[in-house]
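> Sharing a structure, written as structure tokens. Questions coming.
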Amino acid sequence: MYCDVQDIKDDLTEKVVAQLSNDENPNVINEEIVSKYISESTQLIDGFLRSRYGLPLENEHSIIKKVCVDIVKYELYKRRGKVFDNIQNLYKDGISTLEKIQKGMIILDEGTAETRPGFFLVSERKPVIDKEILENY
């Protein structure tokens, strides 16, 4: 998981998270619902990272944590049927960030130099018909 319930509370306040997550008692956070959205967001993020990085990631990355929090916030507001423009923009920015990571435009400090994504070296191969055979013709 790239974030936890406390991260969501820190970003939105406990009162707002409770109102967005609990249908029966809007003064108490429904941690089960928030955790479900965190899990779904983590799976979405992993879908973007999988093609470029080994999972699970070895290090914590604040950029990934922020994206996860923003996606969870979007899902919580969407659950209530009222997504404000600023929340929707944060969601879109988060998806854009994940796309940039996937394309290699943003590189996470992950793994060793050998395991980090980057360019690969193509070695020279022996020609099928070498120069000596061609000179005989």
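Only the coordinates and a few stated rules stand behind these numbers; no lab work does. Values in this document were obtained by computation on a predicted structure and should not be read as measured data. Note that we place each Cβ from the backbone using ideal geometry, even for glycine, and neighbour counts take in every protein chain shown.
> For a quick check: sort Met105, Met1 by the number of other beta carbons within 10 angstrom, fewest at the front.
Details: Met105 9, Met1 14.
Lowest to highest Cβ neighbour count: Met105, Met1.
> Let me know the Rg and Dmax you get for segment 33-110 when you use only its Cα atoms, in Å.
Over segment 33-110's Cα set, Rg and Dmax evaluate to 12.6, 37 Å.
> Separation between the Gln88 and Lys131 pseudo-spin-labels, each 7 Å from Cα along Cα→Cβ, expressed in nm?
Placing both labels 7 Å along Cα→Cβ, they lie 6.5 nm apart.
> Also, I was wondering about something else. Can you work out ³J(HN,Hα) from phi for every residue in segment 28-35, in order, using Karplus 6.51 cos²θ - 1.76 cosθ + 1.60 and θ = phi - 60°, giving whole Hz and x for Gly and Pro?
Computed from phi, the couplings for segment 28-35 are 10, 5, 8, 5, 5, 5, 4, 5 Hz.
> Applying the Karplus parametrisation 6.51 cos²θ - 1.76 cosθ + 1.60 with θ = phi - 60° to the phi angles of segment 17-23, what ³J(HN,Hα) value in whole Hz is obtained for each residue in order, glycine and proline being reported as x?
Working through the residues one at a time gives 4, 4, 5, 7, 9, 10, 7 Hz.
> Here's a follow-up. Once you compute Rg and the Kirkwood Rh from C-alpha atoms, what is the Rg to Rh ratio for the chain? Walk me through the numbers on the way to the answer.
Working: Rg = 22.9 Å, Rh = 17.5 Å.
With Rh from the inverse mean 1/r over Cα pairs, Rg/Rh is 1.31.
> Continuing with this model, one more query. To the nearest 0.05, what FRET efficiency results for Glu32 and Lys9 with a Förster distance of 22 Å applied to their C-beta separation? Mind showing how you got there, number by number?
On the way: r = 15 Å, r/R0 = 0.67.
Efficiency computed from Cβ-Cβ geometry: 0.90.
> If you don't mind, there's one more thing I want to ask. Go ahead and run the numbers for FRET between Ser62 and Met105, Cβ-Cβ distance against an R0 of 22 Å, rounding to 0.05. Display every interim value, and only then the final one.
Details: r = 18 Å, r/R0 = 0.80.
The computed FRET efficiency comes out at 0.80.
> What's the longest uninterrupted piece of the chain once you rule out the GluC sites (Glu not before Pro) that are loop residues per DSSP with at most 12 other Cβ within 10 Å? Mind dumping the intermediate values first?
Numbers: sites that count: Glu24, Glu60, Glu114, Glu124.
That would be 61-113.
> Further, regarding this structure: Which of Leu134, Leu108, Leu76 has the fewest other C-beta atoms within 10 Å, and how do the rest follow up to the most? Working shown, then result.
Values: Leu134 9, Leu108 17, Leu76 21.
Least crowded to most crowded, the residues run Leu134, Leu108, Leu76.
> Taking Cα atoms, how many degrees apart are the long axis of helix 62-80 and the longest axis of the chain, rounded to 10 and kept between 0 and 90?
50 degrees
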